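Data block below; observations after.
The values are calculated or read from the model by the stated rules, or taken from the named source; none is laboratory data. These numbers were taken from a predicted model, which means no experiment stands behind them. Positions of Cβ are backbone-derived with ideal geometry, glycine not excepted, and every protein chain shown enters the neighbour counts. Note: areas computed on protein heavy atoms with side chains; ligands, DNA, RNA excluded. Shrake-Rupley method; radii C 1.70, N 1.55, O 1.52, S 1.80 Å.
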Amino acid sequence: MAQKRLNKRQQRLERQRRIKKKRRKRLAIILIEIIILTGLGVVAYGMFVMDKMDTTILNKDKLEVYKDTGDYTNIALFGLDSRDGKLDGGVQSDCIMICSIDNKTNEIKLVSVYRDTLLKVTQEKYGKANSAYNIGGPTEAIALLNRNLDMDIEKYISVNFNALADVVDALGGIDIDMTEEEVYWTNGYSVETSEVVGRETKDLSGAGVHTLDGVQAVSYARIRYTEGMDFKRAQRQRIVLEKIAEKAQKANVVTLNNIVNKVMPQISTNLTTANMLGLAAHATDYKLGEMSGFPFEVTTCEKVKNHKGSYVTAVGLSQNVRELHEFLFNEKDYQPSDTVKQISEDVIYMTGVDPDTYKSTTDYSYKSGGEDSEDGN
């Protein structure tokens with residue numbers, strides 16, 4: 001009798017073990033399914049995001065990529081003066097930036113290329129840097145950066161006025177410390193920006209920290225009539241981007257999704273779904289490092305051979321390209337390519353701005369090497 005009870009107990013325990021084993025197996029299967037579905041969900045969301053953007057395919061052979069910069073991802077950013085939504089050419093690029101990501105440290109550095117800089121905009125002609133996008137869209141604009149700066153850029157993102165305003169509004173505004181002069185010009189620019197964006201704003205008053213809405217932030221970034229002219233304009237654009245990045249990293253999922261829905265249709269890029277997911281995977285790890293303007297040593301020139309108007313002129317393009325590669329890639333004693341050296345010589349010939357004598361031949365110089373600072377003559 002005792003043996004019978006023991007057998008029943010053993011049978012009951014065995015059944016319980018089998019049930020637990022089945023439950024563990026079922027749980028493992030469920031977990032695997034969840035992981036797979038989550039992965040598919042991320043990919044699907046990435047495809048959903050990409051579907052909303054104006055994605056393009058560029059001919060790599062026309063980008064004039066120079067040698068590989070190593071453990072860095074370099075992306076060209078273009079802010080377009082587009083009133084009618086054009087993104088793929090036929091418009092000037094008001095803002096030209098290089099976003100360089102150190103893939104080892106996740107540090108991001110930003111460099112603004114002054115839009116009026118005299119550079120070789122096509123294989124045949126010289127002109128202002130911002131005209132390249134107008135001539136040949138993102139392909140020619142990327143080629144300009146690679147040709148003149150010895151870069152290896154293949155990817156780009158272009159946005160228009162409305163996109164920047166929508167991002168700032170979705171984030172609840174950005175806080176910027178402004179001078180009295182900047183407040184005055186922001187109010188002035190806001191009239192036209194409001195018409196373009198289709199939203200009203202209010203006037204700002206007095207110097208100090210202001211929480212700018214989308215219209216005001218765009219207007220602030222467009223100012224070019226304060227002291228420092230276009231050099232300070234590029235600096236203000238970097239400040240706006242920095243403030244947006246700071247708030248975006250703290251934003252919740254609902255806010256970020258709202259930005260995706262509103263802004264993605266206003267973006268043109270050749271980033272693939274895999275590129276986007278790769279960047280998104282490290283989004284919380286990225287940290288914004290130093291920002292600067294290019295050229296580092298620069299002047300304005302009113303008399304350029306066979307050209308009309310005022311040009312931003314590098315005081316020795318070759319030396320500035322050396323500084324750029326040290327700034328972005330920590331590459332000491334970089335030696336510019338023969339192409340850059342020839343462009344540098346051409347600029348000296350056209351402007352008379354020679355790095356050995358520029359102090360006596362220019363009317364304004366500006367140096368920004370990591371930290372923006374002015375250095376007048």
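For the full complex of protein chains and a 1.4 angstrom probe, list Asp71, Asp61, Asp354 by accessible area with the highest value first.
Asp61, Asp71, Asp354
Can you give the net charge of the other residues whose Cβ lies under 13 Å from the Cβ of Gln342, counting K and R as +1 and D and E as -1?
So the environment of Gln342 carries a net charge of -1.
A 29 angstrom limit on the alpha carbon distance is what I want to check against. Which of Lys243/Lys303; Lys202/Lys250; Lys67/Lys120; Lys67/Lys104; Lys62/Lys232; Lys243/Lys308 exceed it?
Lys243/Lys303; Lys62/Lys232; Lys243/Lys308
Report the local net charge at Thr179: Lys and Arg +1, Asp and Glu -1, summed over other residues whose C-beta lies under 13 Å from its C-beta.
Values: positive: Lys232, Arg236; negative: Asp177, Glu180, Glu181, Glu182, Glu227.
Net charge around Thr179: -3.
If amide H atoms are built 1.01 Å from N in the plane of the peptide, which residues on other chains or at least 5 residues away come under 5 Å of the amide H of Ile153?
Sorted by chain and number, the residues that satisfy this are Tyr66.
Taking the stretch 110-219, which trypsin sites (Lys or Arg not before Pro) meet the DSSP loop condition and have no more than 15 other C-beta atoms within 10 Å?
Answer in residue order: Lys125, Arg199, Lys202.
Taking 7 Å along the Cα-to-C-beta vector as the label spot, tell me the Lys305-Leu279 distance in nanometres, rounded to one decimal.
4.1 nm
Round to the nearest 10 and report in Å² the accessible area of Glu326, as given by a 1.4 Å probe over the protein chains' heavy atoms.
That residue has around 80 Å² of solvent-accessible surface.
Determine, for each peptide in 253-266, 131-144, the mean count of other beta carbons within 10 angstrom over its residues, then list the peptides with the highest first.
The densest-packed peptide leads the list: 131-144, 253-266.
In a solvent-free Debye calculation with one equal scatterer on each Cα, what is log10 I(q)/I(0) for the stretch 72-194 at q = 0.18, 0.23 Å⁻¹, listed in the order of the q values?
Debye curve over Cα of the stretch 72-194, log10 I(q)/I(0) at q = 0.18, 0.23 Å⁻¹: -1.05, -1.30.
For Glu246 and Lys341, compute 0.36 nm times the residue count separating them, minus their Cα-Cα distance, and round to one decimal in nm.
Working: separation 95, 0.36 × 95 = 34.20 nm, distance 3.82 nm.
So the extension gain works out to 30.4 nm.
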